[in-house]
Amino acid sequence: MLKSAIVTSSGTVASEGNPAASKTSTSLGSIGLVFLCTLSGAAAQILMKHGANHITGAGLIGILTNLPLLSGYCVYGVNTLLMVLALRRGHLSVLYPIIALTFVWVTILSPRFFPQDHLNPFKIAGVALIVSGVSLIGLGSRE
């Protein structure tokens, strides 16, 4: 049987069967699920950008017949459902800042899919600031 662990407000890890796992904690499963959301969110954005670059029809028909664009929207839909599941077992103030990592993945991956999009020192510094900020928020939740 799979048991999920809980990160308590003091930063300790407790299992669900343990009384130390209280309502004032965020499950590690939720953190992992939100991390997965950052990856799927980045994939959705890359798909939508690819689709936007290749719209062939006019107006709504061009959008509705664009497979990469529609795929990106579908991935975003699944992403939203996963986020709802994650939020059931954790604090919004802990989980939502992790979503900022989506910017990191997009920044790192976009040059691979869009050659005209380059990494430069400013983008690298921005990524470092985002990762630092998410880390600080995570540490700040361990009161």
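Could we say that Val94 is in contact with a strand residue (DSSP E or B) (Cβ under 6 Å, 6 or more places away or on another chain), in a helix (DSSP H, G or I), among the hydrophobic types (A, V, I, L, M, F, W, C) and in contact (Cβ under 8 Å) with a residue 60 or more places away in the chain here? Lay out the reasoning, then the answer.
Details: in contact with a strand residue (DSSP E or B) (Cβ under 6 Å, 6 or more places away or on another chain): yes; in a helix (DSSP H, G or I): yes; among the hydrophobic types (A, V, I, L, M, F, W, C): yes; in contact (Cβ under 8 Å) with a residue 60 or more places away in the chain: yes.
Spelling it out, Val94 is indeed in contact with a strand residue (DSSP E or B) (Cβ under 6 Å, 6 or more places away or on another chain), in a helix (DSSP H, G or I), among the hydrophobic types (A, V, I, L, M, F, W, C) and in contact (Cβ under 8 Å) with a residue 60 or more places away in the chain.
So which residues in region 97-128 are hydroxyl-bearing (Ser, Thr, Tyr) and free of Cβ contacts under 8 Å to residues at least 60 places away in the same chain, if there are any at all? Steps first, answer last, please.
Initially, region 97-128 is screened for residues hydroxyl-bearing (Ser, Thr, Tyr), giving 102, 107, 110.
Thr107 - this is the single residue of region 97-128 that is hydroxyl-bearing (Ser, Thr, Tyr) and free of Cβ contacts under 8 Å to residues at least 60 places away in the same chain.
Do we have any residue at all in region 64-72 that's on the phi < 0 side of the Ramachandran plot, in contact (Cβ under 8 Å) with a residue 40 or more places away in the chain and loosely packed, with under 15 Cβ neighbours inside 10 Å? Walk me through it before giving the result.
Let us first name the residues in region 64-72 that are on the phi < 0 side of the Ramachandran plot, namely 64-72.
After this cut, where a residue has to be in contact (Cβ under 8 Å) with a residue 40 or more places away in the chain as well, the list is none.
No, because not a single residue in region 64-72 is on the phi < 0 side of the Ramachandran plot, in contact (Cβ under 8 Å) with a residue 40 or more places away in the chain and loosely packed, with under 15 Cβ neighbours inside 10 Å.
Can you find a residue that is modelled with pLDDT under 95, exposed (fewer than 11 other Cβ atoms within 10 Å of the Cβ) and under 16 Å from Phe35 (Cα atoms) anywhere in region 88-110?
Yes.
Given the conditions (1) part of a loop (DSSP other than H, G, I, E, B); (2) crowded, with 18+ Cβ neighbours inside 10 Å, report the number of the one that His118 does not fulfil.
Going through the list (1) part of a loop (DSSP other than H, G, I, E, B); (2) crowded, with 18+ Cβ neighbours inside 10 Å, His118 breaks only (2).
Note down all Cβ pairs under 8 Å where the first residue falls in region 32-55 and is part of a loop (DSSP other than H, G, I, E, B), the second is β-branched (Val, Ile, Thr), and they're at least six residues apart or on different chains.
Ile55/Ile63
Evaluate the following for Ser110: is it touching a Lys or Arg at 6+ places or on another chain (Cβ under 9 Å) and in a helix (DSSP H, G or I)?
On the way: touching a Lys or Arg at 6+ places or on another chain (Cβ under 9 Å): yes; in a helix (DSSP H, G or I): yes.
Judged against the criteria, Ser110 is a match.
The values are calculated or read from the model by the stated rules, or taken from the named source; none is laboratory data. Bear in mind that the values here come from a model prediction, so they are computed numbers and not experimental data. Heads up, the Cβs are rebuilt from the backbone with ideal geometry, glycines too, and the neighbour counts pull from every protein chain shown.
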